[in-house]
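Written out below as structure tokens is the structure these notes cover.
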Amino acid sequence: MIKAPRGTRDLLPPDTALWNFVEATVRDIFRAYNFQEIRTPIFESTELFARGVGEETDIVAKEMFTWEEGRGATLQQQMSSFWTSKHLAEIEDLDWHVVFENRRRPDLVVKTATNYLVVEFKRRTINQATIDNIKQFRKVSPPIADWYDPRLLLVFAEEPSSFVRRLAAANGVEIEVIDMPGYEAPESLTLRPEATAGIVRAYIEHNLASRGLNKVFCIGPMFRRERPQKGRYRQFYQIDAEIIGPPASGSDAPSRDAEILELLATLLDRLGITGWTLELNSVGCPNDRVKFNEALRAALEPVKEKMCADCQRRAVTNPLRVFDCKVPEDQPIIDKLPRISHFLDEPCRKHFDAVQEILKAVGVPFVINDRLVRGLDYYTRTAFEFTHGALGAQNAILGGGRYDGLSESLGGPAAPGIGFAIGEDRLVLSLQQKVTPESVLRKPDVYIAPLGQTKDGAGMNPEAARLARELRQRDLVVELGDESFRLKKSFEAAERAGAKYILIVGENEVKSDTFALKNLATGEQVSVPRPDLVDRIQSGR
Ligand code: HAM
């Protein structure tokens with residue numbers, strides 16, 4: 001038997017009624033707060049997430065479903081053959097080690113041999129963080145550490161811009177350019193692990209800045225290669241909303257943060273979800289982050305050897321991500337690390353205070369959690385999660401925050417923004433404890449049972465179909481039987497469908513244009529002239 005792949009699942013009726021109930025409710029609320037729907041592709045270029053969400057995040061480093069689109073050899077194979085053919089004489093006898101290779105990032109490979117450090121990657125992905133990463137490889141990779149000044153050779157698929165040359169020079173990195181004439185890089189694509197990066201890409205691509213403040217939402221599947229468990233799937237659904245616009249539109253104002261948080265509190269209350277906690281923090285701006293990262297690096301230096309391999313690497317490359325570590329033995333060390341709250345500059349502190357003040361004024365309760373840094377790199381200032389005790393280990397129903405520099409890091413204009421994503425699977429899980437699918441499902445008002453054939457052999461199906469059409473046009477929910485069913489079987493089918501009434505369509509009924517209508521709960525049966533049917537059924541609904 002072919003089963004749904006691990007970490008995916010079928011959502012079946014009647015459970016889908018709960019999903020529809022959730023989505024209808026959130027659409028109503030989005031309307032009240034003046035949000036409009038946006039739909040972006042389910043896959044995007046890999047680079048969007050690498051640059052937007054961040055190379056060192058779990059999502060990008062470990063969890064993306066990525067593939068290359070293009071014919072022939074992979075990018076990595078083509079690049080390898082290019083530079084090896086050019087340097088064949090020098091390197092023929094060298095014994096190469098691959099130091100770093102990530103299946104999901106085929107465009108970045110690091111190899112070493114005596115006096116050589118070769119980094120192969122696509123030009124488009126080079127930024128300061130990449131260069132920092134490469135420099136760190138020299139320090140952290142044991143095979144490299146002993147070597148005397150390894151030569152760094154960069155192999156590019158395209159002519160690098162002067163920007164890359166300047167970057168390399170500024171970092172004391174020796175750079176060699178190998179042109180690959182006629183080379184067409186295969187496109188690396190990724191199933192979206194989240195919606196924000198795609199929405200900001202669309203904002204830039206379609207110049208949505210010209211519209212001023214954009215308030216958009218999107219509902220749909222996301223994909224992360226995580227270890228499946230209750231509340232954690234590889235295909236899951238998010239309800240995502242973003243407020244984004246040029247600074248002049250007020251997109252950076254604390255009132256926007258508070259509006260988002262108040263919307264969420266209203267939404268959970270409206271759905272009847274009680275017992276949630278809003279955890280709030282400010283992760284500051286890039287200035288604060290530089291100071292905080294320095295402090296973290298210093299604090300981690302003496303203890304990092306005792307930590308897991310991921311933390312050891314992150315301690316050097318992106319220390320903030322150490323806070324994402326789930327390894328139990330590392331937690332006591334992480335608990336003692338400095339907190340971002342001590343590094344906020346005056347404008348960030350004021351912004352955070354203003355958000356809290358509005359939340360108090362509108363009566364949305366929250367707790368400050370200064371360990372909350374969120375697992376994505378784009379956050380600035382306000383960061384938050386709503387948790388729910390009943391969910392167990394995966395207790396975050398939703399998360400979000402500000403991302404004031406995201407647009408710029410994707411090559412767009414300044415566009416401060418704030419948003420959130422609700423894990424719809426988890427929302428439905430917490431709802432299921434209170435609301436049953438049956439209670440939100442609209443069952444058939446009436447089951448129409450065509451009965452047999454007339455003496456001259458005409459069937460009752462056409463007449464029954466005509467009636468069903470009339471009633472459905474009047475917004476009744478109608479289930480339609482078949483003339484081959486005997487009366488008993490029609491009753492059974494009507495019961496199974498949960499219909500309120502059964503309407504009998506037999507030869508006599510058609511002749512008199514008056515139909516037998518039976519209430520399946522009370523057993524009461526009446527004869528109703530055709531023009532009165534709708535009213536009669538509606539009044540008993
Ligand atoms: P996130 O915290 O990565 O944020 O995901 C948001 C929510 O999606 C989580 O709180 C959780 O409920 C749900 N979720 C995440 N992974 C899974 C999974 N594997 N299975 C089931 N549910 C999951 C973001 O995605 C950001 N884009 C939110 C955002 C929007 N920030 C600003 N704007």
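Observations on the structure shown:
- Residues of region 326-351 that turn out to be over 19 Å from Asp310 (Cα atoms) and acidic (Asp, Glu), as a count: 2
- Filtering region 25-52 to residues that are open to solvent by 50 Å² or more (accessible area, probe 1.4 Å) and part of a helix (DSSP H, G or I) leaves Arg27, Asp28, Arg31, Ala32, Arg51.
- Of Leu410, Leu344, Leu431, Leu398, all but one fail to be hydrophobic (A, V, I, L, M, F, W, C), within 16 Å of the ligand (Cβ to nearest atom), out of contact with any Cys (no Cβ under 8 Å at 6 or more places or on another chain) and farther than 25 Å from Tyr233 by Cβ; the exception is Leu410.
- For region 1-17, the tally of residues that are part of a helix (DSSP H, G or I) and away from the ligand (no atom under 16 Å from the Cβ) stands at 2.
- Only one of Ile368, Ile422 that is more than 23 Å from Glu205 (Cβ to Cβ), open to solvent by 40 Å² or more (accessible area, probe 1.4 Å) and among the aliphatic types (A, V, I, L, M): Ile368
- Of all the numbered requirements in (1) surrounded by fewer than 19 Cβ atoms within 10 Å (Cβ to Cβ); (2) in contact (Cβ under 8 Å) with a residue 60 or more places away in the chain; (3) part of a helix (DSSP H, G or I), Val22 misses one, and that requirement is (1).
- Filter result for Glu226 (surrounded by fewer than 21 Cβ atoms within 10 Å (Cβ to Cβ) and touching a Lys or Arg at 6+ places or on another chain (Cβ under 7 Å)): yes
- Matching option when the condition is in a strand (DSSP E or B), within 22 Å of the chain's Cα centre (by Cα) and farther than 29 Å from Ala393 by Cβ, among Ile243, Ile239: Ile243
- When region 229-252 is filtered for residues that are open to solvent by 20 Å² or more (accessible area, probe 1.4 Å) and among the hydroxyl-bearing types (Ser, Thr, Tyr), the ones remaining, listed by number, are Tyr233, Tyr237, Ser249.
- Once region 331-348 is narrowed to residues that are part of a helix (DSSP H, G or I) and open to solvent by 40 Å² or more (accessible area, probe 1.4 Å), the residue that is nearest to Gln312 (Cα to Cα) is Gln331.
- Only a single item in (1) free of Cβ contacts under 8 Å to residues at least 60 places away in the same chain; (2) open to solvent by 20 Å² or more (accessible area, probe 1.4 Å); (3) within 16 Å of the ligand (Cβ to nearest atom) is not met by Ala393, and it is number (1).
- Looking across Leu263, Leu280, one residue alone is open to solvent by less than 10 Å² (accessible area, probe 1.4 Å) and part of a helix (DSSP H, G or I). It is Leu263.
- Of all residues in region 413-428 being more than 6 Å from the ligand (Cβ to nearest atom) and in a strand (DSSP E or B), the one that is nearest to the chain's Cα centre (by Cα): Ile422
- Lone unmet requirement of (1) within 19 Å of Thr57 (Cβ to Cβ); (2) surrounded by fewer than 21 Cβ atoms within 10 Å (Cβ to Cβ) for Ser255: (1)
- Of the criteria (1) hydroxyl-bearing (Ser, Thr, Tyr); (2) open to solvent by 10 Å² or more (accessible area, probe 1.4 Å); (3) modelled with pLDDT of 95 or more, which one Ser161 fails: (3)
The values are calculated or read from the model by the stated rules, or taken from the named source; none is laboratory data. Predicted, not measured: the structure shown is a model, and the values here were computed from it. Cβ: placed from backbone, ideal geometry, glycine included. Neighbour counts: every protein chain shown. Please note that ligands, DNA and RNA were not included when accessible areas were found on the heavy atoms of the full protein model with its side chains. Shrake-Rupley method; radii C 1.70, N 1.55, O 1.52, S 1.80 Å.
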